[in-house]
Amino acid sequence: MVVNREITTVEYGLESESLHMTEGDCPRLDDSGIPLLKDVRCVINDASRLLPFTKYLADETEFTKIYGRVLHLLNVPVLPLAIKALIHFWDPDYRYFTFGNVDMVPTIEEYGVLTEFPEDIHKVYFHQKIENTIEELAKLLGIHQMSLYREKNNSGGLRWKRLEELLIAKKSNLGANLEVHRILALGIFGLILCPSTVGIISLEAANLFVEYEKTKINPSAAILAETFLSLNHCKRIGKGSMRCCVPLLFIWMVSHIESETPIFQNFWWFDQKSLELFVSSEWKNFSEDDWRVKLQGIPQSNFNWRAPWMKNVTYLMGCGKKPWVPLIGVTGYISYAPALVARQFGGIQSIPRTVGLAQFTGVYKGATIEMLESIRQDWKSLVLVKKETTLRNPTVSEKYSEWRNGGVSYMAEVSESVGLRRKRVNCEEELRKQVKTLQAELKAKEEQRVSLEQQLAKERVVRKTAEEERDSVGQDWIKAKDDLKTINKDMTYYMAKAKHYEELAIKT
């Protein structure tokens, strides 16, 4: 039984700031070697391959009751350059996008509203052994020879092209409506929500689908986990593929940035046609640099702290003894801290608790069942926060601004890809590293000072020599001027004398 603790943002903020004083900040990983982003690809499987098969649904309403609004994701006009630009602003330690003094991140609740899976959003998906996936999937889809649908000699994922043939074969069978629904849903899970190779449904994505069919646990947290794992992977190595639900990330991004047209105001979720028209008219010709400029300008724009389509919901802030939220995805596990972005909820932003946040991540190749089990146990005790009804605009606590801008433990370094990059310190080892770095910088500055003083001394000698030469030239010029005067006087005297003798000669 899940034990929930529900408090207000004010109560949570006071408690968080008090505990932060004793815990300190999260020791951040060494990000000095993070490369600039060079080659990042967005794995966007062609939704048009799935769209034609939506007409095979006997009852779309019934499909929505089971799988939420995921069919709408097939119509999202994603702009890959916008996503590539967004990655530049990702902080791989604190797991949020930072635009100057504005921090934002997709939350479980936001992904839950966008997908509208019918089950409770605050339950965690538990990754099962892949070996059992194929057998259970065969039962769900009514398939006897799963090897016909596998790739690479029955050792890889499922080929959607073969599943398309199965879907066509079952569409005319009235007794196979449930299986038709499941095949299409599997396609959306494997090609849109958790994509891998184009046209291939990975066994990991199939595992998520099977677990949803068996347990009805809302998969939004797992989808969000894959988003964070992909962002961290691309940012850490400077290249790679965004193997996550890019349509959801794109909708989330454009819902928070400033736009000329209120494209999310007229629909319960969003008017897809309006969004498509708006994207083609305003952003179609945007380059990656254009998007980066737009995102850098968020603090000065009329951006939305809270997405226009977001409902008044209770937000998950922590699980078990962890002051943040551990997530289980289809390829690994990772943490994120909703407390860093409380203003997205419309509440008060206080200093968050972040101890252990950056270190909590891993892939299933090295993960143990004990780790996953510990996460599931954490999810049995949730800390939920609700916004106060008296608060109208997002705001911050008195202490938060000092913490956010660095305080005594702040260092800033220039990043060519983002601009300002923040680095907090709270452990002795990290302090020693920074002291050593500062000492090296001080030594370099001292050497530079000595070099400049030596150069200045040389320049003074040169200037003194030049001044002496100038004085000597000046004296020579004065003497020449006096000599010229004497010569002029002598010439006048002799000319007058010559004229006198000339006149005497004429008279005689």
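Volume per residue, Å³, of the convex hull around the alpha-carbon atoms of region 303-355? Working shown, then result.
On the way: hull volume 6.4 nm³, N = 53.
Taking the convex hull of the Cα positions in region 303-355, it is 122 Å³ per residue.
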### Query
Which value in nm describes the separation of the simple spin-label points at residue 301 and residue 38, placed 7 Å from the Cα toward the beta carbon?
2.9
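Taking only DSSP H segments of four or more residues, each worth -39500 (n - 2.57), what value at 222 nm results for the chain once the sum is divided by all its residues, to the nearest 500 deg cm²/dmol?
On the way: 15 runs with 225 residues, N = 508.
Computed ellipticity for the chain at 222 nm equals -14500 deg cm²/dmol.
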### Electrostatic dipole magnitude of region 1-109 [Cβ: Lys, Arg +1; Asp, Glu -1; Cα centre; debye, to 20]
780
#### Entry: Rough spin-label spacing in nm, given labels placed 7 Å along Cα→Cβ, for residue 58 and residue 363
4.3
### Query
What FRET efficiency do you get for residue 155 and residue 448 if R0 is 56 Å and r is their Cβ-Cβ distance, rounded to the nearest 0.05?
0.40
### Task
Compare the peptides 241-250, 142-151, 5-14, 80-89 by average per-residue count of other Cβ atoms within 10 angstrom and give them in order, highest first.
241-250, 80-89, 5-14, 142-151
### Query
Under the Karplus relation 6.51 cos²θ - 1.76 cosθ + 1.60, θ = phi - 60°, what is the ordered set of whole-Hz ³J(HN,Hα) values for region 479-496, x standing for Gly and Pro?
4, 5, 5, 5, 4, 5, 4, 4, 4, 5, 5, 4, 4, 5, 4, 5, 5, 5
### Query
Can you tell me the Rg and the Dmax, both Å, for the Cα atoms in region 1-118?
20.5, 59
### Message
Give the separation of the Cα centroids, region 185-252 to region 11-28, in Å.
### Response
32
### Query
What is the spin-label model distance, in nm, from residue 169 to residue 492 if the labels are put 7 Å beyond Cα along the C-beta direction?
12.7
#### Entry: Förster-model FRET efficiency, 25 Å R0, residue 148 and residue 46, C-beta, rounded to 0.05
0.65
### Task
Search the structure for amide H atoms under 5 Å from the amide H of residue 8, placed 1.01 Å from N in the peptide plane, and list their residues when 5 or more places away or on another chain.
386
### Message
Taking 56 Å as R0, compute the FRET efficiency from the Cβ-Cβ separation of residue 481 and residue 401 and round it to 0.05.
### Response
0.20
### Task
Let me know the Rg and Dmax you get for the chain when you use only its Cα atoms, in Å.
35.9, 156
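Averaged across orientations, what area in nm² does the convex hull of the alpha carbons in region 268-365 project?
Working: hull surface 39.1 nm².
Result: a mean projected hull area of 9.8 nm².
Order the peptides 115-122, 131-138 from the highest to the lowest mean number of other Cβ atoms within 10 Å of their residues. Working shown, then result.
Numbers: 115-122: 17.2, 131-138: 15.2.
Going from most to least packed, we get 115-122, 131-138.
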### Task
Please state the charge dipole magnitude for region 57-199, taken about the Cα centre, from unit charges on C-beta atoms (+1 on K and R, -1 on D and E), reported in debye and rounded to the nearest 20.
620
### Query
Packing-wise, with mean Cβ within 10 Å as the measure, how do 310-316, 98-104 rank, highest first?
98-104, 310-316
#### Entry: Cβ-based charge dipole, the chain, positive-most Cα from 279, 326, 26
279
### Task
Taking every Cα atom in region 60-163, find the radius of gyration and the maximum pairwise distance Dmax, and write them in Å.
18.8, 56
### Query
If each Cα of region 326-400 is one equal point scatterer, what is log10 of I(q)/I(0) from the Debye formula at q = 0.12, 0.14 Å⁻¹?
-0.46, -0.59
### Message
In Å, what Kirkwood hydrodynamic radius results for region 151-208 from the alpha-carbon pair distances?
### Response
11.7
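Return the percentage of antiparallel bridges among DSSP beta bridges fully within the chain, rounded to the nearest 5 %.
Values: 26 of 38 bridges.
The answer is about 70 percent antiparallel.
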## Note on the structure
Listed by chain and number, the lysines with an alpha carbon less than 18 angstrom from that of residue 380, same-chain partners under 8 positions apart left out, are 123, 216, 321, 322
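Quick note: the coordinates plus some simple rules give every number you see, no bench work behind them. Bear in mind that the values here come from a model prediction, so they are computed numbers and not experimental data. Note: ideal-geometry Cβ built from the backbone for every residue, glycine included; neighbour counts use all protein chains shown.
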